[in-house]
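Q: Pasting a structure here, questions to come.
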């Protein structure tokens, strides 16, 4: 199996990509549980992080009817596009583009082994694969299911079931010299040590997209969009959910340009100082999030042996 080229990992490990992925997932999940003052404060810091379609209601239940599922599918499709633009420039014939699994790897698959982790025995068991993962895979690839859901409903269904469990099932332990990112302290941004390229834990939205298997997972999820189009005889999708956060004015090519060491100006004239300002704003928003830990939002799953 060809490994994800280091150029993609280096780019995805950068702080602005980590913060953007972490904030996007966190804010859409928590938005309905924030009071209006908290929302106003976030918007005053960085208007682009106002969530148009929350993924969960005030009780933490998934919202299936507001097209937040389209946001989930669309945003990750943009991430794949960014990765593919980097891969195109790298020109590695063994890894020319992101390709998802055609079918989920079986429990005894040598290329994608299941690594035991304390506290995650259920997700990683053969019974869980046979009784939960495989039935989900059959359901989400069936014409009967695909012809009876909207794109947004499918996005929600995928995210909260097979997608989340794929992240946990194929998560790998972090080396002892890296560890696991703890909950961010109140009024403190995410420590820069978690930008280490070795920190690619699939159970944390700050790091999952650095892991090779993330792209297999999301390639599989993205293929379900194509299945849905085919079954419903749709040529072009009229997206109702396209929220990817405040960096949506960048095209894939422009974002790739930002990765070049001597160029920090994209095609729309975003300067290095403006990019730094974006960092500062995202850090401020991440501080705000940490103030609301008591409402019970969980953005990551930490292995049991690492919990205090």
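The values are calculated or read from the model by the stated rules, or taken from the named source; none is laboratory data. Only a predicted model underlies this, so the values are computations on that prediction, with no experimental measurement involved. Quick reminder, even Gly has a Cβ in these numbers, built from the backbone with ideal geometry, and neighbours come from all protein chains shown.
Q: Could you pull out the residue among 22, 41 that is out of contact with any strand residue (DSSP E or B) (no Cβ under 6 Å at 6 or more places or on another chain), closer than 28 Å to residue 216 by Cβ and either touching a residue at least 40 places away in the same chain (Cβ under 8 Å) or assigned to a helix (DSSP H, G or I) (or both)?
A: Values: 41 fails: closer than 28 Å to residue 216 by Cβ.
One residue alone meets the criteria, 22.
Q: If you go through segment 44-63 one residue at a time, how many are under 18 Å from residue 244 (Cα atoms), surrounded by 14 or more Cβ atoms within 10 Å (Cβ to Cβ) and out of contact with any strand residue (DSSP E or B) (no Cβ under 7 Å at 6 or more places or on another chain)? Full working, then the answer.
A: Residues of segment 44-63 that are under 18 Å from residue 244 (Cα atoms), as a first pass: 45-56, 63.
Remaining after also requiring surrounded by 14 or more Cβ atoms within 10 Å (Cβ to Cβ): 45-46, 48-51, 53-56, 63.
Imposing the further condition that a residue be out of contact with any strand residue (DSSP E or B) (no Cβ under 7 Å at 6 or more places or on another chain) reduces the set to 45-46, 48-51, 53-54.
The qualifying residues number 8.
Q: For segment 203-220, which positions are touching a helix residue (DSSP H, G or I) at 6+ places or on another chain (Cβ under 6 Å) and part of a helix (DSSP H, G or I)?
A: The answer is 208, 209, 210, 214, 217, 218.
Q: Let me ask something else about it. Out of 165, 154, I need the residue that is under 18 Å from residue 226 (Cβ atoms) and in contact with a helix residue (DSSP H, G or I) (Cβ under 7 Å, 6 or more places away or on another chain). Which one? First the steps, then the outcome.
A: On the way: 165 fails: under 18 Å from residue 226 (Cβ atoms).
Exactly one residue qualifies, and that residue is 154.
Q: Only one residue in 96, 47 is more than 28 Å from residue 134 (Cβ to Cβ) and free of Cβ contacts under 8 Å to residues at least 24 places away in the same chain, so which one is that? Working first, answer last.
A: Working: 47 fails: free of Cβ contacts under 8 Å to residues at least 24 places away in the same chain.
Exactly one residue qualifies, and that residue is 96.
Q: Could you list, in sequence order, all residues of segment 1-19 that are in contact (Cβ under 8 Å) with a residue 40 or more places away in the chain and outside any loop (DSSP other than H, G, I, E, B)? Lay out the reasoning, then the answer.
A: First, the residues of segment 1-19 that are in contact (Cβ under 8 Å) with a residue 40 or more places away in the chain: 1-5, 7-19.
Residues satisfying the conditions are 7, 8, 9, 10, 11, 12, 15, 16, 17, 18, 19.
Okay, residues lined up against (1) surrounded by fewer than 16 Cβ atoms within 10 Å (Cβ to Cβ); (2) modelled with pLDDT of 95 or more:
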site: 216; (1), (2): no, yes
site: 219; (1), (2): no, yes
site: 222; (1), (2): no, yes
site: 226; (1), (2): yes, yes
site: 235; (1), (2): yes, yes
site: 238; (1), (2): yes, yes
site: 244; (1), (2): no, no
site: 248; (1), (2): yes, no
site: 252; (1), (2): no, no
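Q: Under 7 Å between Cβ atoms, at least 6 apart or on separate chains: pull out the pairs that start in segment 56-69 with a residue that is on the phi > 0 side of the Ramachandran plot and end on any residue that is at pLDDT 95 or above.
A: 67/53; 67/152; 67/240; 67/241
Q: All but one of (1) more than 23 Å from residue 54 (Cα to Cα); (2) outside any helix (DSSP H, G or I); (3) out of contact with any strand residue (DSSP E or B) (no Cβ under 7 Å at 6 or more places or on another chain); (4) at pLDDT below 95 hold for residue 199; which doesn't?
A: Among (1) more than 23 Å from residue 54 (Cα to Cα); (2) outside any helix (DSSP H, G or I); (3) out of contact with any strand residue (DSSP E or B) (no Cβ under 7 Å at 6 or more places or on another chain); (4) at pLDDT below 95, residue 199 violates only (4).
Q: Still on this structure: If you go through segment 160-196 one residue at a time, how many are modelled with pLDDT under 90 and either surrounded by fewer than 16 Cβ atoms within 10 Å (Cβ to Cβ) or under 27 Å from residue 130 (Cα atoms) (or both)?
A: Taking segment 160-196 and keeping what is modelled with pLDDT under 90, we get 182-192.
Remaining after also requiring either surrounded by fewer than 16 Cβ atoms within 10 Å (Cβ to Cβ) or under 27 Å from residue 130 (Cα atoms) (or both): 182-183, 185-188, 191-192.
Going through segment 160-196 one residue at a time, the tally reaches 8.
Q: Next up: Can you name the number of the only condition in (1) surrounded by 15 or more Cβ atoms within 10 Å (Cβ to Cβ); (2) farther than 19 Å from residue 202 by Cβ that residue 88 fails?
A: So the condition that residue 88 fails would be (1).
Q: OK, next. Being over 23 Å from residue 66 (Cβ atoms) and at pLDDT below 90 is the filter here, so list the residues in segment 16-35 that pass it. Spell out the reasoning first.
A: Within segment 16-35, the first condition is being over 23 Å from residue 66 (Cβ atoms), and the residues that meet it are 16-19.
Across segment 16-35, the qualifying residues are 16, 19.
Q: Condition (residue is at pLDDT below 95 and at positive phi) applied to segment 36-43: is it met by at least one residue? I'd like the intermediate steps shown before the answer.
A: Taking segment 36-43 and keeping what is at pLDDT below 95, we get 36-43.
Subset that is at positive phi: none.
No: zero hits.
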